[in-house]
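Below is one structure, written out as structure tokens; the observations come after it.
The values are calculated or read from the model by the stated rules, or taken from the named source; none is laboratory data. Please read all numbers here as calculations on a predicted model, not as lab measurements. So basically every Cβ, Gly included, is an ideal-geometry build from the backbone, and we count neighbours across all protein chains shown. Note: areas computed on protein heavy atoms with side chains; ligands, DNA, RNA excluded. Shrake-Rupley method; radii C 1.70, N 1.55, O 1.52, S 1.80 Å.
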Amino acid sequence: MIYKAKLIDLKSKKIAIVVSKFNDLIVKQLLAGAQESLEMHGIDTGNIDIIWVPGALEIPMVAKKIAQDRKYDGIVTLGAVIKGDTAHYDLVINGVANGVSQISLSTDVPIVFGVLTTDTLEQAQQRSGAKSGNKGTEAALSLLELINIFDQIKSI
Ligand code: INI
């Protein structure tokens, strides 16, 4: 048997988007891309909750809380960590990436990582709706695929 995502009715699925405010010009583009693609694939607008946190480092703790509460069928995490001249960069990236990964492995809720990590603001712009696509859109699509797969394998 092969399990692959297929079109299902997503109308009743509840999605949370946990998004950090830091670098807000970029994250607003990621959020717009994620919302648009969720809605385009049939998620009801009223079933998408957006939870703002201060910075990317705060994403895991909020994602963990809502994953444990089991109110959502899936969680998209969005943020933008831009290197610039901050030494904080590596700490933030490691914290958010490890945190989200741990939560996704320790709960049964599909969670995707839509946190941009770039050296420059320009690269972040390219990946948030300009030349190199939109990481928010990609993350939302991955989540829908994952929810779909979860639905199929839960009855195995
Ligand atoms: N948070 C981000 O989301 N992006 C960044 O680029 C960033 N930098 O570079 O520092 C950043 N730092 C804040 C961090 O996420 C926490 O909010 C802060 O340390 C308080 O815990």
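Between helix 135-153 and the chain there is an angle of about 30 degrees, using the helix long axis and the longest principal axis of the Cα atoms. Placing a label point 7 Å from the Cα of Ile8 along the Cα-to-Cβ line, the residues of the range 42-84 whose backbone N sits under 13 Å from it are 73-74. Here the label points at Gln68 and Ala130, each 7 Å from Cα along the C-beta direction, are separated by 4.0 nm in the simple model. Of the trypsin sites (Lys or Arg not before Pro) found in the range 1-30, those that fall in a DSSP loop while having at most 13 other beta-carbon atoms within 10 Å are Lys4, Lys6, Lys11. In the chain, Cα pairs under 8 Å separated by at least six residues give a relative contact order of 31 percent. Taking all protein chains into account, the per residue accessible area for the chain stands at 55 Å² (1.4 Å probe).
Accessible surface of the chain, 1.4 Å probe: 54 percent of it comes from carbon and sulfur atoms.
Computing FRET efficiency as 1/(1 + (r/R0)^6) for Asp44 and Leu105, where r is the C-beta to C-beta distance and R0 is 22 Å, gives about 0.15.
Between helix 59-69 and the chain there is an angle of about 20 degrees, using the helix long axis and the longest principal axis of the Cα atoms.
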